[in-house]
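The next block holds one structure in the form of C-alpha cells; read it before the comments.
The values are calculated or read from the model by the stated rules, or taken from the named source; none is laboratory data. In this text, all values refer to a predicted model and were calculated from it rather than measured experimentally. Cβ atoms come from the backbone with ideal geometry, glycine included; neighbour counts cover every protein chain shown.
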Amino acid sequence: MLRILLGEPPRENSGVLAEAMDNMAKVASMLRREMNTHEDPDHESRKLEIWTRGLISSLDELEQSWFAAAFFRKSVVAGYMDDMSPKEQGEYARYVYFYKNGFIRVFSLLDKLGTVLNSLYDLNTGKVKVHFSYFTVLRQFQLHEKHTALAGELETIKNAYREPLENLRKRRNAEIHYMNAEMQDDLWQRHQGLHDKIHLEDLDSHLEDLKQSLEMVCKSLAASFRYSNEQWHKGKIAANLKRGHHPQ
C-alpha cells in the first residue's frame with residue numbers, strides 16, 4: 001500500500017520475508033481445512049487462523065514501515081536540525097514517523113507471535129506472568145522438553161540479533177514511557193552545549209537496526225510456522241485440535 005502511495009512498484013516478496021509469509025499462509029490454510037472438515041466445535045482452529053492471518057498483516061505493515069522510513073531518509077541531507085529547509089524538515093518528520101512506527105511494531109509483532117506459540121504448544125506462560133512478552137514465552141519454551149528443536153532455533157535467532165533488538169528496545173521504551181526518542185537526543189545535546197546546533201541522530205545506523213530487527217522477526221516467524229507445519233503433517237497438531245486440546 002505505502003509503495004503505491006510513494007510512487008514505487010508493489011513489493012515482490014523474497015528471501016526470509018517470503019519464507020515467513022508462505023509458512024504462515026500454509027498453516028492458515030490448514031486450519032481452514034480443519035474447520036471445514038471437523039466444524040471446529042470449540043472454535044480453537046478459528047481462533048488460531050485469525051491470529052495467524054493477523055500476523056501476516058502485521059508483518060506486511062512492519063516491512064512497509066521500514067521501507068517508508070528508508071524512502072524519506074533519502075531526502076534528509078543536512079547534518080543539523082537548524083540547517084534544514086522547511087521541505088527537508090517535513091521529510092525528516094515523515095522519516096521519524098515511520099521509523100517509530102516500525103520499531104514499535106517489531107515488539108508488538110513478536111508479542112503476538114508469543115501469544116500464538118503459547119496457545120499452540122500449551123506453554124501456560126500466563127501462569128508465570130499475566131502480561132507476558134515474546135521473550136517470556138521463549139524462556140518458558142526452555143522448560144518444556146517436547147519442542148526443543150523449535151525452542152533452540154528461536155533462541156539462536158534471538159541471540160544473533162541481540163544488539164539491534166536492544167537498541168530498538170531502548171528507543172521504544174523512551175518513546176512509550178518517557179519522551180520521544182529524538183527529543184531525548186536533543187536534550188542530551190543541549191546539555192552538552194546550550195547554544196550549539198542540534199546534530200541529527202545517526203539515521204543510517206537507526207535504520208539498520210530496524211532492518212536487522214525486521215529480519216529477526218521474519219526468521220522467527222518462518223521457523224515457528226515451518227515447525228508447526230511439520231507438526232501438523234505428523235498429526236501432532238490436527239489430532240489435538242479435533243479433541244479440543246492443544247498439542248503437548
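Identify all residues within the range 1-16 that are in contact with a helix residue (DSSP H, G or I) (Cβ under 8 Å, 6 or more places away or on another chain), in a helix (DSSP H, G or I) and either at pLDDT below 90 or aromatic (Phe, Trp, Tyr) (or both); write none if there are none.
LEU2, ARG3
Quick one: would you say GLU182 is closer than 30 Å to ALA70 by Cα, at pLDDT below 80 and surrounded by 17 or more Cβ atoms within 10 Å (Cβ to Cβ)? Before the answer, list the steps.
Numbers: closer than 30 Å to ALA70 by Cα: yes; at pLDDT below 80: yes; surrounded by 17 or more Cβ atoms within 10 Å (Cβ to Cβ): yes.
Yes; evaluated as a whole, the condition is true for this residue.
What's the total number of residues in the range 1-30 that are surrounded by 18 or more Cβ atoms within 10 Å (Cβ to Cβ) and either without any contact (Cβ under 8 Å) to a residue 60 or more places away in the chain or in contact with a Pro (Cβ under 9 Å, 6 or more places away or on another chain) (or both)?
2
What residue, among those in the range 52-87 that are among the polar types (S, T, N, Q) and either without any contact (Cβ under 8 Å) to a residue 12 or more places away in the chain or crowded, with 20+ Cβ neighbours inside 10 Å (or both), is farthest from LEU165 (Cα to Cα)? Break it down stepwise before answering.
Looking only at the range 52-87, we keep the residues that are among the polar types (S, T, N, Q), and these are 52, 57-58, 64-65, 75, 85.
Filter once more, so that each one left must be either without any contact (Cβ under 8 Å) to a residue 12 or more places away in the chain or crowded, with 20+ Cβ neighbours inside 10 Å (or both): 52, 57, 64-65, 85.
Values: THR52: 23, SER57: 21, GLN64: 18, SER65: 16, SER85: 33 Å.
Among those that are among the polar types (S, T, N, Q) and either without any contact (Cβ under 8 Å) to a residue 12 or more places away in the chain or crowded, with 20+ Cβ neighbours inside 10 Å (or both), it is SER85.
With the condition kept exactly as written, say whether any residue in the range 88-96 is small (Gly, Ala, Ser), touching a residue at least 12 places away in the same chain (Cβ under 8 Å) and either surrounded by fewer than 20 Cβ atoms within 10 Å (Cβ to Cβ) or assigned to a helix (DSSP H, G or I) (or both).
Quick first cut of the range 88-96, residues small (Gly, Ala, Ser) only: 90, 93.
With the extra rule that they be touching a residue at least 12 places away in the same chain (Cβ under 8 Å), the set shrinks to none.
The answer is no; no qualifying residue exists.
Do we find that GLY102 is in a helix (DSSP H, G or I) and out of contact with any Phe, Trp or Tyr (no Cβ under 9 Å at 6 or more places or on another chain) in this structure?
Details: in a helix (DSSP H, G or I): yes; out of contact with any Phe, Trp or Tyr (no Cβ under 9 Å at 6 or more places or on another chain): no.
No, not satisfied.
Given the conditions (1) at pLDDT 85 or above; (2) touching a Lys or Arg at 6+ places or on another chain (Cβ under 6 Å); (3) of a type in the set (Asp, Glu), which single one is not true for ASP60?
Single failed check for ASP60: (2).
Confirm whether ALA223 is surrounded by 19 or more Cβ atoms within 10 Å (Cβ to Cβ), at pLDDT below 90 and hydrophobic (A, V, I, L, M, F, W, C).
Working: surrounded by 19 or more Cβ atoms within 10 Å (Cβ to Cβ): yes; at pLDDT below 90: no; hydrophobic (A, V, I, L, M, F, W, C): yes.
Against the criterion (surrounded by 19 or more Cβ atoms within 10 Å (Cβ to Cβ), at pLDDT below 90 and hydrophobic (A, V, I, L, M, F, W, C)), ALA223 does not qualify.
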